[in-house]
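K.L.:
One structure, pasted below without further comment.
Please treat every number below as a calculation from the coordinates, not as lab data. Nothing here was measured: the structure is a model prediction, and the numbers come from that model. Don't worry about glycine lacking a Cβ; one is built from the backbone with ideal geometry, like all the others, and counts go over all protein chains shown.
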């Protein structure tokens, strides 16, 4: 049984329909990438999974249970969390407080404050600083660490490369295998196709709210991905 | 010597205003709710104290043991049952709390008539310390100021040293993402309202010892609270204390110049601060 199953998910913003029956599945310990151009529905998909956008119960199943329409705090308590697009750290909290608040629910698991600081050593010396004083890359590390602190079984990452220098993006993506190795399944949503392919075992390509292409990341040809991404 | 006396009176009174303001700025900070009914809820606390004193035969300070938890529970229920549904935009909370203000005033009028009441604290009201033959300071205002400083210090500790305070600040920063930390906004907002009312209940009892109150006394208290918040600067608890003290000072000095002048002097001081330093004395959040 898959850890996460999304079945014919639809999503709306008022009259505007953002997702038209998206189906996707993620196995325990798997790294899945979702790529697509701006407005393809990638963020909407993640927000629906984590309960920020309402969905019918059966459209989203986690560990066998229907979680569509469940409130975010309850979903996080069950072991799904998200690194939001644009990082969205708590600006009035220090780096350490941002990490600690992620662990506030007290879910047991491999991730502790110390282990997160080991994963991102440059945060250790800045733990007392205001989160806003960090560089973009460091802020992204805090955002990922904050999500890990809840010891999720499934971690959703929304455009963690956005607005960062390529060298920083590489540094952050290097950490993903370590996270997966701890038994956490990861879904990365990306516009950066190369990073997405390298970081995943399985890939979905969204376009205008539909899955146009899916398959094992190694098996997909560049041409097929290009066609699905740009719709040519 | 007269001037020193006036200044001391003003500063001590300012502690009360700081408490009104702390309650107001707490809920604005956590959920961006401007509570127009704030003053009326202070008056509700005063009535609760009045009837608790009658029922139990205790003094006003002892009545706080009942009034503080009582009004906190009321605040929690009010937030969960009504105000949470008004959040999200700027206008609805204003309209709903304005309506609430009218309702509270009229319910109080029906229940308790327009009679003015006061809380009697006994001989302590008259007690004073004499420093020099010319200069004496009332015991009650000193207690009142000390309590205000202690409450604001306690709030500061709560906000920056506890898990609950961290949840308050996180929710204030980004309520949507706070939910991903497992924080239930509905619950946190209700706790903030409960805390706000618990704080103003203390202030409400002190003000009701100082002056008489009736069902329509709330809006005036609301103005004092607003003025202290704005003068102190939004988001800073110690700034709120400074704002309250400044307002108290202005009123005391105004009252010294002319008996009819204290409130006008307070408003003038408020306008002056707005002109010279619109962000307040110790701003923390930019709104």
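K.L.:
I'd like the distance between the alpha-carbon centres of the range A:54-93 and the range B:175-224, rounded to an integer number of Å.
P.N.:
31
K.L.:
Taking the 0 to 90 degree range and rounding to the nearest ten, how far is the long axis of helix B:91-112 tilted relative to the main principal axis of chain B, both from C-alpha atoms?
P.N.:
50
K.L.:
Give me B:115, A:192 sorted ascending by neighbouring Cβ count inside 10 Å, so fewest comes first.
P.N.:
Arranged by neighbour count, lowest to highest, B:115, A:192 become B:115, A:192.
K.L.:
OK, next. Could you tell me the convex hull volume per residue, in Å³, taken over the Cα atoms of chain A?
P.N.:
Per-residue hull volume (Cα only) is 118 Å³.
K.L.:
To check my understanding: the extent here is largest minus smallest coordinate of the Cα atoms along each principal axis. What are those three numbers for the range A:72-116, in Å, largest first?
P.N.:
26, 24, 14
K.L.:
Sort A:118, B:174 by Cβ crowding within 10 Å, fewest neighbours at the top.
P.N.:
A:118, B:174
K.L.:
Here is a further query. Under a 10 Å cutoff between Cα atoms, tell me which one of B:19, B:140, B:197 has the largest fluctuation in the Gaussian network model of chain B.
P.N.:
Largest GNM mean-square fluctuation: B:140.
K.L.:
Mind jotting down the distance between the C-alpha centroids of the range A:165-232 and the range A:27-41, whole Å?
P.N.:
Measuring centre to centre over Cα atoms gives 6 Å.
K.L.:
Which FRET efficiency value, to the nearest 0.05, do you get for residue B:130 and residue B:54 by plugging their Cβ-Cβ distance into 1/(1 + (r/R0)^6) with R0 = 41 Å?
P.N.:
0.75
K.L.:
Rounding to the nearest 10 and keeping the result within 0 to 90°, find how far the Cα-based axis of helix A:136-148 lies from the longest principal axis of chain A.
P.N.:
Compared with the principal axis, the helix lies near 80 degrees.
K.L.:
Roughly how crowded by other chains is peptide B:179-190, in terms of the mean Cβ count from those chains within 10 Å of each of its Cβ atoms?
P.N.:
Across the residues of B:179-190, the mean count of other-chain Cβ atoms within 10 Å is 6.
K.L.:
Once all Cα-Cα distances of chain B are split into 5 Å bins that start at 0, what whole-number percent is in each one?
P.N.:
With a bin width of 5 Å, the distribution comes to 1, 6, 12, 17, 19, 17, 13, 9, 4, 2, 1, 0, 0.
K.L.:
Here is a further query. Per residue Cα convex hull volume for the protein assembly as shown, in cubic angstrom?
P.N.:
For the protein assembly as shown, the hull spanned by Cα atoms encloses 179 Å³ per residue.
K.L.:
Listing B:62, B:193 from the residue with the fewest other Cβ atoms within 10 Å to the one with the most, what is the order?
P.N.:
Ranked by crowding around the Cβ, least crowded first: B:62, B:193.
K.L.:
For the range A:4-230, what relative contact order do you get, as a whole percent, if you take Cα pairs closer than 8 Å and at least 6 residues apart?
P.N.:
That works out to 28 percent.
K.L.:
Which angle between 0 and 90 degrees, to the nearest 10, do you get for helix B:2-31 versus the longest principal axis of chain B when only C-alpha atoms count?
P.N.:
Tilt of helix B:2-31: around 10 degrees.
K.L.:
How many angstrom lie between the Cα centre of the range B:107-161 and the Cα centre of the range B:244-278?
P.N.:
20
K.L.:
Next question, about the same structure. Taking every pair of distinct Cα atoms and averaging 1/r, then inverting, what Kirkwood hydrodynamic radius in Å comes out for the range B:1-137?
P.N.:
It works out to 17.6 Å.
K.L.:
Here's a follow-up. Remind me, relative contact order of chain B in percent, using alpha carbon pairs under 8 angstrom and six or more residues apart?
P.N.:
The normalised contact order for chain B reaches 36 percent.
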